[in-house]
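Every read-out reported here was derived from the displayed coordinates using simple, explicitly stated rules and does not represent laboratory data. Model, not experiment: these values are computed from the prediction. Positions of Cβ are backbone-derived with ideal geometry, glycine not excepted, and every protein chain shown enters the neighbour counts.
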Amino acid sequence: MGTSGADQSGSLDHVGRYEEALARFADGLQELHIDCDAPAFRDIAEKAKNAGRVNLSVSAISEALSGRRLPSIDFTLELVRQLSGNDAVIQQKWRDQWRATKQLQRRAQPTLRERRRAQSARSEISAEEVEDLRTQEIALRREVERLQEEARAASFLISKAHADAERVIASAREEAARILASADKNLLRVRNHAAELLHAADEALGRSLSREEAPIETLRNRSSLRLVLLGPPGAGKGTQAAFLAKYLQVPHISLGDLLRHHIGKQTDLGRYARDRLNRGKLLEDELTLQMVLRRLKNSDAQRGFILDGLPRNVHQAALAADSVQIDTALEIAVPEQETLLRLTNRRVCTRDSSHVYHLIYNPNKSGDTCDICGAPIYLREDDSEGLIRQRLAVYRQLASPVVDFYKERGIVSTISGMGKVHEVTERAIKALAVIA
């Protein structure tokens, strides 16, 4: 009997692993679909049909992305090919993931079949079984009555225990107050440390740039300072955009921030964008540009701005060129290995995602917990090596033509994103001053 219980537990474990693997498989396809600008299912099916390899119906694509079933290996590889191009590395990655999921499916299959048979059998209950259930119900009611009697007899003990519970609660409240006070001190310490780092970065950059002809002042005096930031995931575009916006006195305009603003304010564009994103689709290039152009009409952006997150592709770059002049495209280059090092070592607090650590550059001091609030920290799924390599492949496919687009106009300046933050900022300011 012990062996039977172990077998049953193992079978259920196979089912759980398979269901988790199938969910990860579907999530990966959804991420790939979104990273490739979320083409419509019918467009994917039409391209596959024209290629003449594997038939991808709209309903089958929907089932694969929602995790309702595991598609065939040929279906999977053709879908990945249509989304990310004929990249041998990506194809092999998905072939390996499909085989691993299929193996778990085979192990779970007997249990799944037995479960379906059991569910079918439970739907047919005989009159004799109904009578047995009624007898059991009567017995259970009598047992409940007996337990209620025992509960009433135990009421005195409960009353006595109440006083002890009050003392425990009071002690717990004191401990909670102590922990909260400690957390407040830690938060103040972290904020002070961040302020010290920012001040040190400002001073370091100021000392470095003061040795020359003050390129910051040269850039500040320009009548037009319209910049586009380019670079792979993990290059530090957001960090550099914040520093450059401060030093050059122009606004940092992030596509992600604009989307969150419109969604939070529930504007017409925000409601439309939220609906698109909830359905796994990206905003059309024309509407994305419309949202950015509306922001550029604000008074603070008349002399210049720093665009972060746009353009994502050549079509967006061409559309933007028809409406607004871009003076400089600053490309922050980092080796792929550095991107992997930066992102795979990033850890985020489970309670507050603004509490971010890095195992190498900014390690926490509390083991596997957040220094600020004490909650566990973890590696986000988006920061796993497999997904990062996939994002880099998509970036290379979409961003290289954007860089070439601006190079043809002679306005690209490429700097290294390696080193300390203020060193990268210094390179950026010098490069912008030269290209001006």
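Show me the three semi-axes of the equivalent ellipsoid for the range 371-436, from the C-alpha gyration tensor (sqrt of 5 times each eigenvalue), largest first, rounded to whole Å. Numbers along the way, then the final one.
On the way: eigenvalues 202, 92, 12 Å².
Largest first, the range 371-436 gives 32, 21, 8 Å.
Run the numbers for Val434 and Gln290: contour at 0.36 nm per residue of separation, minus the present Cα-Cα distance, in nm.
Working: separation 144, 0.36 × 144 = 51.84 nm, distance 3.15 nm.
Separation in residues times 0.36 nm, less the Cα-Cα distance, equals 48.7 nm.
If I take every Cα pair under 8 Å that is 6 or more residues apart in the chain, average their sequence separation and divide by the length, what percent do I get for the relative contact order? Let's see the in-between values first.
Working: 440 pairs, mean separation 71.9, N = 436.
Contact order relative to length: 16 percent.
With everything on Cα atoms, drop me the angle between helix 421-435 and the longest principal axis of the chain, reported from 0 to 90° to the nearest 10.
40
Please identify every one of the trypsin sites (Lys or Arg not before Pro) in the range 21-74 that sits in a loop by DSSP and has no more than 15 other beta carbons within 10 Å of its own beta carbon. Numbers along the way, then the final one.
Details: sites: Arg24, Arg42, Lys47, Lys49, Arg53, Arg68, Arg69; in loops: Arg53, Arg68, Arg69.
Qualifying residues, ordered by number: Arg53, Arg68, Arg69.
Given a 10 angstrom Cα cut-off, can you work out which residue in Ala38, Ala153, Ala26 is the most mobile in a GNM of the chain?
Per the Cα network of the chain with a 10 Å cutoff, Ala153 tops the list.
What is the distance in Å between the Cα centroid of the range 41-59 and that of the range 237-303?
One Cα centre to the other: 34 Å.
Given labels modelled 7 Å from the Cα in the Cβ direction, how far is it in nm from Ala318 to Gln109?
4.9
Distances over 18 Å make up what percent of all Cα-Cα pairs in the range 2-122? Show your work: numbers first, answer last.
Working: 4085 of 7260 pairs.
Value for the range 2-122: 56 percent of Cα pairs lie more than 18 Å apart.
Which net charge results for the neighbourhood of Glu336, defined as the other residues with beta-carbon distances under 10 angstrom from its beta-carbon, given Lys and Arg at +1 and Asp and Glu at -1?
Details: positive: Arg389, Arg396; negative: Glu338.
Summing Lys/Arg as +1 and Asp/Glu as -1 gives +1.
Which value in deg cm²/dmol, rounded to the nearest 500, describes the helix-derived mean residue ellipticity at 222 nm for the chain, given -39,500 (n - 2.57) per DSSP H run of n ≥ 4 and division by the residue count?
Values: 16 runs with 293 residues, N = 436.
Estimated from H runs of four or more residues: -23000 deg cm²/dmol.
Size of the chain along its principal axes in angstrom, Cα-based, largest extent first?
Here the Cα extents, ordered largest to smallest, are 94, 70, 43 Å.
Please give the net charge around Arg142, taking every other residue with its beta carbon less than 14 angstrom from that of Arg142, where Lys and Arg add +1 and Asp and Glu add -1. Walk me through the numbers on the way to the answer.
Numbers: positive: Arg134, Arg141, Arg146; negative: Glu137, Glu143, Glu145, Glu149, Glu150.
Taking every Cβ under 14 Å from that of Arg142, the sum is -2.
Once the cut-off is 13 Å, how many percent of the Cα-Cα pairs in the range 61-102 end up in the long-distance tail?
50
Between Ser384 and Asp164, what is the label-point separation in nm under the 7 Å Cα-to-beta-carbon projection?
According to this spin-label approximation, the distance is 4.7 nm.
State the answer as a single residue: which of Gln266, Leu398, Leu112 lies farthest towards the positive end of the charge dipole of the chain, with beta carbon charges of +1 for Lys and Arg and -1 for Asp and Glu, about the Cα centre.
Leu398
Could you order peptides 218-229, 260-271 by the average number of other Cβ atoms within 10 Å of their residues, highest first? Spell out each step's value before the answer.
Values: 218-229: 17.2, 260-271: 13.9.
Averaged packing, sorted descending, gives the order 218-229, 260-271.
GNM, the chain, Cα, under 10 Å: largest mean-square fluctuation among Ser57, Ser413, Ser159?
Ser159
Arranged by the count of other C-beta atoms within 10 angstrom, fewest first, what order do His355, His33, His162 take? Display every interim value, and only then the final one.
Numbers: His355 19, His33 23, His162 9.
By the 10 Å Cβ count, ascending, the order reads His162, His355, His33.
Could you calculate the FRET efficiency of Asn221 with Glu408 from 1/(1 + (r/R0)^6), where r is the beta carbon distance between them and R0 is 30 Å, rounded to 0.05? Don't skip to the answer; put the middle values down first.
Working: r = 28 Å, r/R0 = 0.94.
After rounding, the FRET efficiency stands at 0.60.
Hey, how many Å between the Cα centroid of the range 319-335 and the Cα centroid of the range 360-394?
When both Cα centres are located, 30 Å separates them.
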